[in-house]
Amino acid sequence: MQEFGTVDLGTEDWLEGVATSGSVAVAVGDNAAIYRSEDGLQWTRQTVGFTNWLRGVAWGGDVFVAVGDDGLIVTSSDGMEWTPREVSDGRPVALNRVAWTGDGFVVAGDRFEDRGVVIFGNARGTSWVRQTQSGATGDLLAAAAESIGSRLVAGDFEVRLASGSSVISWSDQAGPPAGAPLATYLAAISDGREYTLGGRSGLTVTGVHSSGDPVQTDWIPYPSPPRNWLFDVVTNSAVSTNVTVRLENDTPRYDSQVATNAFYTAVGDLGTVLTSESGVTWSAVSSPTNAADRVYLAVAGGTPGMVAVGGGGLISYSPASHMEVVTTNQYLLSDGTLLEATVTNAVSTLGLLWQEVASPTNLDFLSICSGPDLLVLGGASGYLATSTDGIQWTGQISGTTRAISGLEYANGRYVAVGEEGLILTSDDAVTWTPRESGSTNWLFRIRAGNGQWIAVGRDGAILTSADTISWTPRASGITNSLNDVEFAFGRWFVAGNQGTLLHSTDGVDWTADTQLITGKSLYALASRDAQLVTVGIEGVVLRTRLAPYLKPVEMLKYPQGPDERLFIFRGELDQRFRLDRGPAVNELHRGPVLQITDPDGLLYYFDPVHEVPAAQIFVAPNVP
C-alpha cells in the first residue's frame, strides 16, 4: 500500500464523498462543493447551478452520480458538467449515499413520513424511482451493492437487503438472532461476496451468506469493546502475592513477592464496569444484577474498597479483598521422577467483584470521593451521605436542594460543587458551609492539585481557588460544557463536550487542543505515571503520553546473518523509535519509524530488507 499524503484544497467545506472513474476523481461536500482531479493532487472546484449540500457520490455505467440535501440527484459524464435529475414520487429529504449496483444505482436517504427513503436509478442515471417497500422506518445513511440482484441500505438501527432484479424482495437484516447488531451504521461496502458495515465508535460488521439464498446472511461483528457511554474513570492500586517455584539440586525453592498493580476503572451506562492496567486493553467486569438497566455516574476508591454510584440511588461496592488461587506444577527430577509443587497466591479482587448495596434513597447519585477512612457521595436535591465501609451510609445535611455533581477531598477539606454554581466546603463531611462562586453555571467536577482547587462546568466555566473560600473565574475561550478536570505531571487538563480538551500549566491561562481526535463528548479524566486517559460517549477511551521517553528501547534480537530478518524490541507502551542501520556508526542510514503498541512492551519486527550484510550496525533512537 502506498503512503497517503495531505492535499490542501483551500476550503473549509466538509467533503462527504469521493469516487473515481479510473481516470477522473470527484469529491463532493458542503455548499454544493464538487472538486475534480485527474491525478489526485491538483483539484479544481466546479461551477454548478445549485446550492444544495452534497453527501455522496458514486461512479458506474460511465456516469458520476452525486446526491444531497432536498432530494437532489445530479449526474455527470466527466465531473465538470452536472445535470439535475427528477425522481418519480421523490421527497425533499436529505439523500446521504449512493452506490453502483452493476446495472444501476441505489440511493439511501433520511426518513420521510415514517419511512427511510430508498431510490433506485438506471445505469445511465436518467431515470429514478422511489422504493416504498423496504420497511425501513429510520434514517438511511449508507448504501452498497454486492451484485446486480443484491442491494443494501443501512442507517439508524436499520439494515435492509433488496434481493432480485425484476421482482424485488426486501428483508430486515438487523437484530437477533443472526442479524446485524442494532446500532447506527454510517458506511457500507461490498467486495462482491459479502457486505461490511461500519458504525459509530468503530463498530464493524460483516455479512456472510449461510446458504445460497442471499437473504440468509449471518452478521458477524469484529471484536470490539463495549459501546456504552462512560461517565467516570479513576485510578487505583491493588496488592497481590506472586509465589514462584524453582528447582535447586532437585529441591524446590519458593520465592515470594508482593506486587502492587495500578489500574483504571471506568463506569457508565447499563451497569458498565471496565478495568485496564495499561489504558489500552479494557475488560468488562460483571456488575450486580440491579445495575443491569441503570447507569453508573461516578466511582471512587477508598480504604475499604471501591464504590460506584448512579441513577435511582444505585450503589455498588467492590471490597479490597483477596482470592486464593492454588496452582500445582510438575517438575522432572534428575532421577527421572516427577515432583509436584503447589503454591497458593493471594489475588486481589478489587474492582473485579462487585456487590449490591442497600441504598438510603432513590435519588440519583452524581458524585463520590474518598477521604481518610471515609467515603462521601452526593446527588440530586442536595443529597449527601457518608460511609466508613462503603456499605452502611449515613445521610448528612447539605443545606441546599441543588444537585451535587462533584466532590473532592484534599489537604483536610471536602469540597462539593453542583447546580447553579453551588460550592460547599467541610472539614469533616458532616457540617457543610456554602461559598460564593460568583457563577450561575452548573459546576460538574472539582479537583485539587499543585496548591489550588479548580472547578469546571457548563458554558466553558472554570473557577480556581487557593483556599476553597474565595473563587476566581478564568477564561476558557470556549462555550462547550466542561465535564472534568485533572492535575497530572505538572499540568492541568480539562475534558468536555464535543471532544473538547484544554490544558494549562497554572490553571489561569488555558489552551484548547485544536487537532481534536474525536467529536464525541468526554466526561471524565484519570492519570497515572505519565499517561492521561479520558472516557465518554459510546465507550470512547482516549489516552496520551505526558512525558518523553528517556530510556531507549532494548534490542533483544537482531539479524546477524544474511538469512535472518527478525528484530525483537522491548520498551514502553506507545514508545516510538527509528531503526537506523549502516556499516559503521558514522555511516548510518535512517530507517523506518516503529512504535510499541503491545501493553507488555514487546515489538516483533520482520525486516523487509533482504540479504542484510553480515557486518551491520543497528541503532534505535527515540523519536517524538
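Starting from region 322-335, take each residue that is touching a residue at least 40 places away in the same chain (Cβ under 8 Å) and list its partners that are open to solvent by less than 70 Å² (accessible area, probe 1.4 Å) and assigned to a loop (DSSP other than H, G, I, E, B), counting only C-beta distances under 7 angstrom and pairs at least six apart or across chains.
So the pair list comes out as HIS322/THR349; LEU333/ASP250; SER334/ASP250.
For region 428-436, check the following and say yes or no: at least one residue is surrounded by fewer than 20 Cβ atoms within 10 Å (Cβ to Cβ), of a type in the set (Ser, Thr, Tyr) and more than 30 Å from the chain's Cα centre (by Cα).
yes
In region 489-502, which residues are surrounded by fewer than 21 Cβ atoms within 10 Å (Cβ to Cβ) and under 23 Å from LEU297 (Cβ atoms)?
Of everything in region 489-502, those that are surrounded by fewer than 21 Cβ atoms within 10 Å (Cβ to Cβ) and under 23 Å from LEU297 (Cβ atoms) turn out to be ASN497, GLN498, GLY499.
Which fully enclosed strands (runs of 3 or more DSSP E) of region 74-153 have 1 or more residues being of a type outside the set (Lys, Arg) and surrounded by fewer than 20 Cβ atoms within 10 Å (Cβ to Cβ)?
Per the criteria, 104-112, 115-122, 128-131, 140-147.
Within the group THR235, THR303, THR342, which residue is within 24 Å of LEU573 (Cα to Cα), in contact (Cβ under 8 Å) with a residue 12 or more places away in the chain and not acidic (Asp, Glu)?
Checking each option against the conditions leaves just THR235.
State which residue is surrounded by the fewest Cβ atoms within 10 Å (Cβ to Cβ) when the search covers only region 542-587 and only residues that are free of Cβ contacts under 8 Å to residues at least 60 places away in the same chain, aromatic (Phe, Trp, Tyr) and over 30 Å from VAL494 (Cα atoms).
Filtering first and then ranking leaves PHE567.
Being open to solvent by 30 Å² or more (accessible area, probe 1.4 Å), among the hydrophobic types (A, V, I, L, M, F, W, C), more than 28 Å from ALA188 (Cα to Cα) and at pLDDT 95 or above narrows it down to one of LEU314, LEU270, LEU297, so name that one.
None of the others qualify; the one that does is LEU297.
Right, LEU182: closer than 22 Å to TRP229 by Cβ, part of a loop (DSSP other than H, G, I, E, B) and among the hydrophobic types (A, V, I, L, M, F, W, C) or not?
yes
Given the options ALA238, ALA262, name the one that is modelled with pLDDT of 90 or more, under 30 Å from THR303 (Cβ atoms) and open to solvent by less than 40 Å² (accessible area, probe 1.4 Å).
ALA262
Quick one: in region 2-60, of everything that is surrounded by 15 or more Cβ atoms within 10 Å (Cβ to Cβ) and of a type in the set (Asp, Glu), which residue is farthest from ILE189 (Cα to Cα)?
Residue satisfying both the conditions and the ranking: ASP13.
Go through region 517-531 and report how many residues are open to solvent by less than 30 Å² (accessible area, probe 1.4 Å), within 19 Å of ASN480 (Cβ to Cβ) and at pLDDT 90 or above.
Here the count works out to 4.
Can you say whether GLY192 is part of a loop (DSSP other than H, G, I, E, B) and either modelled with pLDDT of 95 or more or under 22 Å from ASP529 (Cβ atoms) (or both), as far as the supplied structure shows?
Here the answer is no, as GLY192 does not meet what is asked.
Residues being modelled with pLDDT of 85 or more, surrounded by 14 or more Cβ atoms within 10 Å (Cβ to Cβ) and not in a strand (DSSP E or B): count how many of those fall in region 600-622.
2
Here is a list: THR361, THR394. Which entry is of a type in the set (S, T, N, Q) and touching a helix residue (DSSP H, G or I) at 6+ places or on another chain (Cβ under 8 Å)?
So the residue among THR361, THR394 that is of a type in the set (S, T, N, Q) and touching a helix residue (DSSP H, G or I) at 6+ places or on another chain (Cβ under 8 Å) is THR361.
Among residues belonging to region 247-259 that are surrounded by 11 or more Cβ atoms within 10 Å (Cβ to Cβ) and without any contact (Cβ under 8 Å) to a residue 24 or more places away in the chain, point out the one that is nearest to GLU538 (Cα to Cα).
ALA259
How many residues are crowded, with 17+ Cβ neighbours inside 10 Å and either without any contact (Cβ under 8 Å) to a residue 24 or more places away in the chain or among the small types (Gly, Ala, Ser) (or both) when one looks only at region 179-195?
Residues meeting the conditions: 5.
Quick check on GLY390: is it assigned to a loop (DSSP other than H, G, I, E, B), in contact (Cβ under 8 Å) with a residue 24 or more places away in the chain and open to solvent by less than 20 Å² (accessible area, probe 1.4 Å)?
Considered against the rule, which asks whether it is assigned to a loop (DSSP other than H, G, I, E, B), in contact (Cβ under 8 Å) with a residue 24 or more places away in the chain and open to solvent by less than 20 Å² (accessible area, probe 1.4 Å), GLY390 comes out as yes.
The values are calculated or read from the model by the stated rules, or taken from the named source; none is laboratory data. The model shown is predicted, which means the values in this text are computed figures rather than measured ones. Here Cβ is always computed from backbone atoms with ideal geometry, including for glycine, and neighbour counts include all displayed protein chains. Just the protein is used for accessible areas: all its heavy atoms, side chains included, with ligands, DNA and RNA removed. Shrake-Rupley method; radii C 1.70, N 1.55, O 1.52, S 1.80 Å.
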